[in-house]
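A.B. asks: What follows is a structure written as structure tokens; I'll ask about it next.
The values are calculated or read from the model by the stated rules, or taken from the named source; none is laboratory data. None of these values were measured; they are calculated from a predicted model. Backbone-built Cβ (ideal geometry, glycine too); neighbour counts: all protein chains shown. To get the accessible areas, we keep the full protein, side chains included, count just its heavy atoms, and leave off ligands, DNA and RNA. Shrake-Rupley method; radii C 1.70, N 1.55, O 1.52, S 1.80 Å.
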Amino acid sequence: MRWPISPRISMRNDRVADTDADRQTATATEILRRLDSQPGIVLADEVGMGKTYVALAVAVSVLEATRRRRPVVIMVPSAVAEKWPTEWAVFSERCLTPGHGLRASEPVRSGSDFLKLLDDPARSRKHLIFVTHGALTRQLNDPFIKLAIIRQATANRPALANRRRAIARYSKKLFNAPFGPDVVEALLAVPPTRWKDTWNRWRPNHPLDDDPVPFSALRAMKAVDLGPVREVVASMPVHNNASLDRKLKAVRAQLRRTMTETWKECLGHLDEALPLLILDEAHHVKNANQLSRLLTNDEAEADVVALQGPLGGMFERMLFLTATPFQLGHHELVSVLDRFHGIRWANKTTRAAFDEQLDTLRISLDRAQASALRLERAWARIAPEDAPAVEALMSFEPTPEQPEPVRTALEVAAQAATELDDAELRLRPWVIRHARADKAHRRRYLPGAGITDASRSDSGLAVDGPATLPFLLAARAQAVSSLVRPDGAAAARSYFAYGLASSFEAYADTRRNRTAVLDDDAGDAVADRVADSPRLRWYLDRISAELPDDTTDGWASHPKVRAVVDRVTSLWRDGEKVLVFCFYVETGKALRAHISRALPR
């Protein structure tokens, strides 16, 4: 496989500096080069570095290299679905040669619409398909596909003929069919491959331009067990009597549940071959959720059925985009890279080679993390009186005259540097990241006292009063939860400590729901898997017992909340607008309430 950068592309235009355009071109070229020999790559440029345009350049190059035979799919969060077609319009106007003829879809928000686009004839098929993250997990609402499933389930079943006519008669009540019983009965009488002609005969004033049921959906229906649908159809009432409405209501509920499960199975049996998937906001697949399960492509072992998601085995290559750092370190990053298993593998050998590379990378990153922790412990043994020896250091090489703790720390540091270099070397093929030149200034963190006094840069916020003991206990609990297991993984996900540092409300939410709902997870609940350790539970129970009373004034006394409220009200009095970013949804809700009460006062 060789996908060169398309000669139709010129990233230089009056919207960006030439240096940025050249960097974007070089990045797209390098991504295409790496995809020649590996299943996927993560583009992790910082926000504003042009990831969207790099991705579109890669997409166009793949389309040109494959002679536009099959589309490139770009999967995006619903919240930014409209942004991508807009960016494509700008890209195609400013970065492509005139008359390129490439066609892009509007955002697709359902699995049925996605399959219909794939089913379009080559002369009108979209080359770029924008589909939302949740499109293939939504409930089936397409009446044509519902009817096709019913027909497939009841075909060649003479005993169900009267039930099928009843389905047509009550189709409006059963699944809100937007056409009359006569049309439904006519459609059920012939194979779906003839439905376009049948429809156009019955509804000549509203003709269909394309087959209403994609061929890929029909093929998938033949691979799934439609027995549950058949059972629902067999329960259809055929006589109009006093119990008809009650029975129809029951059938409607059963049909909805059965159709949902059947459609999921159908999507899992899709057999499409597409060149490239571009996944925006790819950090969302770090956990086992609906989005990551779409890409499942597990090999079958002895006596075990292979698992495949709707997109598993569909794409030759994948490009993941993210600007979000991984809060829990390299294990989340490796989980994201593991999703590349979802490509359409050429053979078992190449898949096994990827498995080996990923395992080696995981081990290398674990070793680097363990070395860093050993260095932290060794450095902590250096006493204040050894400061002169530390200040005189010029390298990691220990010398006989140095104090023993300094020599030990240097030996550990040298090993840590070696382990880190090895980890970076193994990670480099899988991730490309560019940072802004002014990153150091923009990412400069000020201690907490800077919230209330911008001139303060030497100390944090004071923790006093009722909050003192919970914070001290949380510091100990944090240490317990961050202990490393023999395999190098953290013993627990310690969102509870982050929660307490954010607000009492956020801490209470993490303990009550055992989840941390973060703003950047778009509502996904991230499990707070606290280890089932009696020692850790002791600390958590004591923290809960020592929190201030759950009152307006009690929880408003949180050091950070109190400081932010004071700062916001002070700026408000001066006529300033204030924008507050929160890591936790609960902290945002709490600040809104506390500030709202403070302003009238």
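A.B. asks: Give the peptides 248-256, 569-577 in descending order of average Cβ contacts within 10 Å, highest first.
C.D. replies: 248-256, 569-577
A.B. asks: Quick one: P(r) of the stretch 535-601 from all Cα-Cα pairs, 10 Å bins, percents rounded to integers, in order of increasing distance.
C.D. replies: Taking every Cα pair in the stretch 535-601, the percentages come to 18, 45, 25, 10, 3.
A.B. asks: Could you compute the FRET efficiency for residue 256 and residue 34, with r as their C-beta to C-beta distance and R0 at 60 Å, rounded to 0.05?
C.D. replies: Efficiency at R0 = 60 Å is approximately 0.85.
A.B. asks: List the lysines whose Cα sits under 18 Å from the Cα of residue 560, skipping any in the same chain fewer than 8 residues away.
C.D. replies: Residue 560 reaches 589.
A.B. asks: Could you provide, to the nearest whole Å², the per residue accessible area of the stretch 335-429 with probe 1.4 Å?
C.D. replies: 61 Å²
A.B. asks: Further question: Please report the net charge: other residues with Cβ closer than 11 Å to the Cβ of residue 386, K and R +1, D and E -1.
C.D. replies: Net charge around residue 386: -1.
A.B. asks: To continue, here is another question. Could you give the size of the charge dipole of the chain about its Cα centre, using +1 on the Cβ of each K and R and -1 on the Cβ of each D and E, expressed in debye and rounded to the nearest 20?
C.D. replies: Here the chain has a charge dipole of around 3300 debye.
A.B. asks: From Cα pairs below 8 angstrom and at least 6 apart in sequence, can you work out the relative contact order of the chain, rounded to a whole percent?
C.D. replies: RCO, the chain: 11 percent.
A.B. asks: Using a 1.4 Å probe on the protein chains only, how many percent of the accessible area of the chain belongs to carbon and sulfur?
C.D. replies: Carbon and sulfur together cover 52 percent of it.
A.B. asks: Moving to a separate point now. Listed highest first by mean packing, meaning other Cβ atoms within 10 Å per residue, what order do 379-387, 502-510 come in?
C.D. replies: For the peptides 379-387, 502-510, the packing ranking is 502-510, 379-387.
A.B. asks: Once you put a point 7 Å from the Cα of residue 360 and another 7 Å from the Cα of residue 578, both along the Cβ direction, what distance in nm separates them?
C.D. replies: Placing both labels 7 Å beyond Cα along the Cβ direction yields 5.4 nm.
A.B. asks: Can you list the HN-Hα couplings for the stretch 17-27, worked out from phi with the Karplus curve (6.51, -1.76, 1.60; θ = phi - 60°), rounded to whole Hz and with x for Gly and Pro?
C.D. replies: Here the 3J(HN,Hα) series is 5, 4, 5, 5, 4, 5, 5, 5, 5, 5, 5 Hz.
A.B. asks: Mind giving me the nanometre distance, one decimal, between the label points for residue 546 and residue 159, set 7 Å out from Cα along Cα→Cβ?
C.D. replies: Distance between label points: 7.1 nm.
A.B. asks: What nm value, rounded to one decimal, do you get for the distance between residue 182 and residue 421 when each label is placed 7 Å out toward the C-beta?
C.D. replies: Label at residue 182, label at residue 421, 8.3 nm between them.
A.B. asks: What does the net charge come to around residue 343 if you take all other residues with beta carbon closer than 10 Å to its beta carbon, with K and R at +1 and D and E at -1?
C.D. replies: That sum, taken over residues with Cβ under 10 Å, equals +3.
A.B. asks: Just for the chain, what percent of DSSP beta bridges are antiparallel, to the closest 5?
C.D. replies: Taking every DSSP beta bridge with both residues in the chain, the antiparallel ones total about 25 percent.
A.B. asks: Stokes-Einstein at 20 °C, 1.002 mPa s, Kirkwood radius from Cα pairs: D for the stretch 167-210 in µm² s⁻¹?
C.D. replies: In µm²/s, the coefficient is 200.
A.B. asks: Between residue 472 and residue 89, what FRET efficiency follows from the Cβ-Cβ distance if R0 is 60 Å, with the result rounded to 0.05?
C.D. replies: 0.60
A.B. asks: Another question, if that's okay. Going from most exposed to least, what order do 243, 61 have by accessible area with a 1.4 Å probe?
C.D. replies: Heavy-atom accessible area, descending, gives 243, 61.
A.B. asks: Under 13 Å Cα to Cα from residue 126, which aspartates and glutamates show up? Leave out anything in the same chain fewer than 8 places away.
C.D. replies: Partners within reach: 106, 113.
A.B. asks: Where does each of 356, 46, 424 land when they are ordered by accessible area, with a 1.4 Å probe and the largest first?
C.D. replies: Solvent-accessible surface, decreasing: 356, 424, 46.
A.B. asks: If you don't mind, there's one more thing I want to ask. Can you work out D for the stretch 1-97 in µm² s⁻¹ from Stokes-Einstein, where Rh is the Kirkwood radius over C-alpha pairs, the temperature is 10 °C and the viscosity is 1.306 mPa s?
C.D. replies: 114 µm²/s
A.B. asks: If you average 1/r over all unlike Cα pairs in the stretch 77-188 and invert the result, what Kirkwood radius do you get in angstrom?
C.D. replies: In the stretch 77-188 this quantity evaluates to 16.9 Å.
A.B. asks: Also, quick follow-up: Using helices alone, what [θ] at 222 nm do you get for the chain, with -39,500 (n - 2.57) per DSSP H run of 4 or more residues, divided over all residues and rounded to the nearest 500?
C.D. replies: Helix-only estimate at 222 nm: -15000 deg cm²/dmol.
A.B. asks: Write down the Kirkwood hydrodynamic radius of the chain, to one decimal in angstroms, obtained as one divided by the mean of 1/r over all alpha carbon pairs.
C.D. replies: For the chain, inverting the mean 1/r across all distinct Cα pairs yields 28.7 Å.
A.B. asks: Could you calculate the FRET efficiency of residue 247 with residue 206 from 1/(1 + (r/R0)^6), where r is the beta carbon distance between them and R0 is 41 Å, rounded to 0.05?
C.D. replies: It comes out at approximately 0.80.
A.B. asks: Among 66-77, 552-563, how do they line up by average Cβ neighbours within 10 Å per residue, starting with the highest?
C.D. replies: Ranked by mean Cβ neighbours within 10 Å, highest first: 66-77, 552-563.
A.B. asks: What is the sum of charges around residue 374, taking Lys and Arg as +1, Asp and Glu as -1, for the other residues whose C-beta is under 13 Å from the C-beta of residue 374?
C.D. replies: Residues near residue 374 contribute -1 overall.
A.B. asks: Output the relative contact order of the stretch 99-236, whole-number percent, from Cα pairs under 8 angstrom with separation of 6+ residues.
C.D. replies: Dividing the mean separation by the residue count of the stretch 99-236 yields 26 percent.
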